[in-house]
Amino acid sequence: MPPHPSESLVELRNLTFGYGERIILDNVSLSVPRGKVTALMGASGGGKTTILRLVGGQNRAQSGEMLFDGQDVTPMNQTQLYAARRRMGMLFQFGALFADLSVFENVAFPLREHTDLPEALIRDIVLMKLNAVGLRGARDLMPSEVSGGMARRIALARAIALDPELVMYDEPFSGLDPISLAIAADLIRKLNDSMGLTSIFVSHELEQTFAIADHVIILANGKIATQGTPDQVRQSTDPLVYQYVNALADGPVRFHYPGPTVDADFGMDSAL
């Protein structure tokens with residue numbers, strides 16, 4: 001542990017990562033401030049989920065540093081990595097609940113896996129976490145008996161079961177109806193503040209993201225296109241950011257996939 005924790009819980013320093021010859025992140029540097037809600041945005045395939053995987057050590061940087069609380073995750077051995085992960089919570093896209101376990105048992109799973117707490121205390125913790133997401137009454141249901149929005153909230157209760165310092169959310173708003181989406185966004189904000197968390201979430205949903213985020217990072221073409229407060233991002237004059245924030249169909253990200261000209265494909269040149 002660093003003797004004087006920095007203002008950033010997560011830092012990427014000149015980090016490069018790719019699959020084979022395909023570079024996803026190209027010499028990227030960014031910081032995630034402690035105690036804040038940070039949103040990762042940008043077009044699909046821009047490296048947002050990849051950053052979450054790098055933070056958790058599922059992917060390893062090819063060059064540069066991936067720092068969690070001042071420690072580089074990349075060279076960690078299995079024991080060190082597991083110790084770091086116990087300080088993190090993860091809400092996977094669509095929840096990823098265990099289908100054969102009840103709601104209660106899903107939330108209890110990390111407590112049983114990583115602690116030696118007595119069952120009576122595990123019960124109290126599970127019910128408190130479910131109460132925090134409004135689903136204490138659903139504890140005996142199975143995942144097949146809950147809605148998509150409820151499944152995300154149950155997964156969130158599981159993600160905070162061990163009282164992590166960092167919670168990561170992979171597209172927590174995807175596929176939700178307006179009511180469930182508003183509840184999920186409100187929970188991210190309230191849990192972050194009430195539990196003293198640091199939160200990172202991947203999102204494509206502009207309105208709710210800008211409403212709850214303290215810090216927004218927009219990725220494009222393996223780089224950071226812009227970052228700052230939601231208001232600063234809205235006011236960006238970068239053409240790509242402007243297209244993204246205003247949901248324009250055409251711009252730096254083209255509507256038409258590159259290919260031969262219309263004249264060439266339809267024989268207009270030869271007709272002349």
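The values are calculated or read from the model by the stated rules, or taken from the named source; none is laboratory data. Just so it is clear, the model here is predicted, and its values are computed rather than measured. Every residue, glycine as well, gets a Cβ built from its backbone with ideal geometry; the counts of neighbours run over all protein chains shown. These area figures cover heavy atoms from the full protein model, side chains too; ligands, DNA and RNA do not enter into them. Shrake-Rupley method; radii C 1.70, N 1.55, O 1.52, S 1.80 Å.
Where does each of 241-251, 7-17 land if you order them by average Cβ count within 10 Å, highest first?
The peptides rank, most packed first, as 7-17, 241-251.
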Margin query: I'd like the FRET efficiency for Asp250 and Glu7, computed as 1/(1 + (r/R0)^6) with the beta carbon distance as r and R0 of 51 Å, rounded to 0.05.
Written below: 0.85
Notebook entry, point to check: Applying 1/(1 + (r/R0)^6) with R0 = 35 Å to the Cβ-Cβ distance of Ile23 and Asp163, what FRET efficiency is obtained, to the nearest 0.05?
Noted result: 0.45
Next item on the list: Provide the FRET efficiency to the nearest 0.05 for the Arg112-Asp72 pair, computing r from the beta carbons and using R0 = 45 Å.
Entry: 0.90
Check: How would you order 209-215, 136-142 from highest to lowest mean count of nearby Cβ atoms within 10 Å?
Finding: 209-215, 136-142
Margin query: Please compute the per residue accessible area over the chain with all protein chains in place, 1.4 Å probe, rounded to a whole number of Å².
Written below: 52 Å²
Check: Could you give the nm distance between label points at Tyr257 and Lys223, where each point is 7 Å from its Cα heading toward the beta carbon?
Finding: 2.6 nm
Notebook entry, point to check: Taking the simple approach of a point 7 Å from Cα along Cα-to-Cβ for both Lys190 and Gln58, what is their distance in nm?
Noted result: 2.8 nm
Checklist line | Additional length obtainable on full extension of the chain from Ala182 to Gln93, 0.36 nm per residue less Cα span | finding: 30.4 nm
Note to self: Positive end of the dipole of region 104-146, charges at C-beta (+1 Lys, Arg; -1 Asp, Glu), about the Cα centre: which of Ala138, Ile122, Pro110 has its Cα farthest in that direction?
What the structure shows: Ala138
Notebook entry, point to check: Near Lys223, which lysines are there with a Cα under 30 Å away, not counting those fewer than 8 places off in the same chain?
Noted result: Lys36, Lys48
Note to self: Tell me the volume per residue, in Å³, of the convex hull enclosing the alpha carbons of region 96-255.
What the structure shows: 136 Å³
Margin query: Give me a comma-separated list of calculated 3J(HN,Hα) values for region 192-200, in order, Karplus coefficients 6.51, -1.76, 1.60 applied at θ = phi - 60°, integers in Hz, x for any Gly or Pro.
Written below: 4, 6, 6, 9, x, 7, 10, 10, 10
Checklist line | Distance (nanometres) between label positions extended 7 Å along Cα→Cβ at Ser144 and Ser44 | finding: 3.0 nm
Next item on the list: Enumerate the amide H contacts of Tyr169 below 5 Å, restricted to partners 5 or more residues apart or on another chain; note that Pro and chain-start residues carry no placed amide H.
Entry: Leu91, Ile200, Phe201, Val202
Item checked: Between region 1-74 and region 149-228, the alpha-carbon center distance in angstrom -> 17 Å
Check: Of the accessible area of the chain, with the probe set at 1.4 angstrom, what percent is carbon plus sulfur?
Finding: 53 percent
Next item on the list: Any chance you could run the full-extension gain for Ala211 through Gln80? It's 0.36 nm times the residue separation minus the Cα-Cα distance, nm to one decimal.
Entry: 43.6 nm
Notebook entry, point to check: What span do the alpha-carbon atoms of region 186-240 cover on each of the three principal axes, reported in whole Å from largest to smallest?
Noted result: 37, 21, 17
Next item on the list: Could you pull the Cα extents of the chain along its three principal axes, largest to smallest, in whole Å?
Entry: 84, 45, 36
